[in-house]
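Structure, as structure tokens:
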Amino acid sequence: MMKSIFFGIIALMFAAVVMHQDQASAQLTDEAPSSTDKWDYMNRSCSAKLHDQINKEFNAALFYMQYAAYFAQYQVNLPGFEKFFFNAASEEREHGMKLIDYALMRGQKPIDSNTFKLQFSEQIQRPEPEQGSVALTALKAALAKEQEVTKSIRELIKICEEDHNDYHLADYLTGEFLEEQHQGQRDLAGKITMLSKMLKTNPKLGEFIFDKQNM
């Protein structure tokens, strides 16, 4: 059941991306690239970094879905962590869709077919437990992933604002994304600290209680 849901979500992600790509193609069919640049110009390096960020958001969603599917297995059966990581995957997918919509609004192609690639770049089928807990390993991996995404957003802001004076995109990213990123990182850091304390006495019991009460 969970396997079918897992791959169903992936299929929906691909369908959504294709749909938005078709929308962009329809908008640009009768327009030359130069006419697009005239009404809402975006520097090429800024646009390329935006495409890269879209790619990162969708790949982060796949990364989280792998963990969600792992915790959903009957051999593991930690429904709190399962729900947490499925929600995290949905948020990353939503971020990717928002950036696609923004690119469309600015008259840009939302996807660069030469660089866009959804992939299971980081396999987590058998994560190594830390302090006797795979859940702790997962939370630390999630925090590292959020830090990576946040750093990439900051780089996008720097390229577009400081180098090319694209203040609208910078303001959009700062208001829509950065605060949520910082809040998410703080939440994960707190969960890591709490779970680490609970694991000191009894790793299995601590993980079980944490899953029931804190996820």
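So here's what we get for this one:
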item	result
Unique match (being closer than 30 Å to C46 by Cβ, free of Cβ contacts under 8 Å to residues at least 12 places away in the same chain and assigned to a helix (DSSP H, G or I)) among D171, D187	D171
Condition check for F116: surrounded by 18 or more Cβ atoms within 10 Å (Cβ to Cβ) and either at pLDDT 90 or above or in contact with a His (Cβ under 9 Å, 6 or more places away or on another chain) (or both)	no
Matching option when the condition is under 28 Å from L143 (Cα atoms), at pLDDT below 95 and in contact with a Gly (Cβ under 9 Å, 6 or more places away or on another chain), among M2, M13	M13
Some residue of region 59-66 being hydrophobic (A, V, I, L, M, F, W, C), open to solvent by less than 10 Å² (accessible area, probe 1.4 Å) and more than 30 Å from K212 (Cα to Cα)	no
Criterion violated by S90 - all others in (1) open to solvent by 40 Å² or more (accessible area, probe 1.4 Å); (2) within 30 Å of C160 (Cα to Cα); (3) at pLDDT below 95 satisfied	(3)
Qualifying residues in region 172-186 (those that are out of contact with any helix residue (DSSP H, G or I) (no Cβ under 6 Å at 6 or more places or on another chain) and under 19 Å from A103 (Cβ atoms)) - the one least open to solvent (accessible area, probe 1.4 Å)	L178
Meets criteria (over 20 Å from D211 (Cβ atoms) and in a helix (DSSP H, G or I)) for N87	no
Subset of region 143-168 that is among the polar types (S, T, N, Q) and assigned to a helix (DSSP H, G or I) - its residue that is farthest from R44 (Cα to Cα)	Q147
Residue in region 41-48 that is modelled with pLDDT under 85 and open to solvent by 20 Å² or more (accessible area, probe 1.4 Å) present	yes
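For every residue, the table says whether it meets (1) open to solvent by less than 50 Å² (accessible area, probe 1.4 Å); (2) more than 22 Å from M105 (Cβ to Cβ).
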| residue | (1), (2) |
| --- | --- |
| V149 | yes, no |
| I153 | yes, no |
| E161 | no, no |
| H164 | no, no |
| Y167 | no, no |
| A170 | yes, no |
| K191 | yes, yes |
| K197 | no, yes |
| N202 | no, yes |
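The values are calculated or read from the model by the stated rules, or taken from the named source; none is laboratory data. All figures in this text were calculated on a predicted structure; none of them were measured in a lab. Heads up, the Cβs are rebuilt from the backbone with ideal geometry, glycines too, and the neighbour counts pull from every protein chain shown. Just the protein is used for accessible areas: all its heavy atoms, side chains included, with ligands, DNA and RNA removed. Shrake-Rupley method; radii C 1.70, N 1.55, O 1.52, S 1.80 Å.
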